[in-house]
Amino acid sequence: MKLPVSLFVFALLFSFLLATSAHTHENFLQCLTLHSGNDSISEVIYTSSNSSYSFILESSIRNSRFSTPSTPKPQVIVTPLGVSQIQEILSCAQKHGMQVRVRSGGHDYEGLSYVSPVPFVILDMINLR
């Protein structure tokens, strides 16, 4: 069976985007680690391989339509402990082309703080009062 050329092009583009996304994600994490200095930023970083990732992600989602399996998930969730960590997160995200979504208070019924069509990072302000 011969596949249409458009399907082949789509599959090729999709695989490229997945590879680029993974590369961007790793570069972002390396950047955070390098720029954190004496801060223990690794204690406030959650990726999908972390056992607390799902709990942190869903802890303040108030609209259940944004917690479905088909909803795009963040590459990283960071719960900074201070302003210096926020600066590092924003700097590394900009440097590596990651979109940042800020989540604070859980009153986001539109899902703007935890959904994006492109690779993104959630900057969760839960530790900052």
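The values are calculated or read from the model by the stated rules, or taken from the named source; none is laboratory data. What you see is a predicted model, and the numbers here were worked out from it, not measured in a lab. Heads up, the Cβs are rebuilt from the backbone with ideal geometry, glycines too, and the neighbour counts pull from every protein chain shown. Heads up: the accessible areas ignore ligands, DNA and RNA and are worked out on the full protein's heavy atoms, side chains in. Shrake-Rupley method; radii C 1.70, N 1.55, O 1.52, S 1.80 Å.
Going residue by residue through segment 17-28, is there one that turns out to be open to solvent by 100 Å² or more (accessible area, probe 1.4 Å) and modelled with pLDDT of 80 or more? Scanning segment 17-28, I find no residue that is open to solvent by 100 Å² or more (accessible area, probe 1.4 Å) and modelled with pLDDT of 80 or more, so the answer is no. For segment 64-81, the set of residues classified as in a loop (DSSP other than H, G, I, E, B) and surrounded by 12 or more Cβ atoms within 10 Å (Cβ to Cβ) consists of Ser67, Thr71, Pro72, Lys73, Pro74, Gln75, Thr79, Pro80, Leu81, listed by residue number.
Would segment 105-121 turn up any residue that is surrounded by fewer than 15 Cβ atoms within 10 Å (Cβ to Cβ), modelled with pLDDT of 85 or more, among the hydroxyl-bearing types (Ser, Thr, Tyr) and not in a strand (DSSP E or B)? No - not one qualifying residue is present in segment 105-121.
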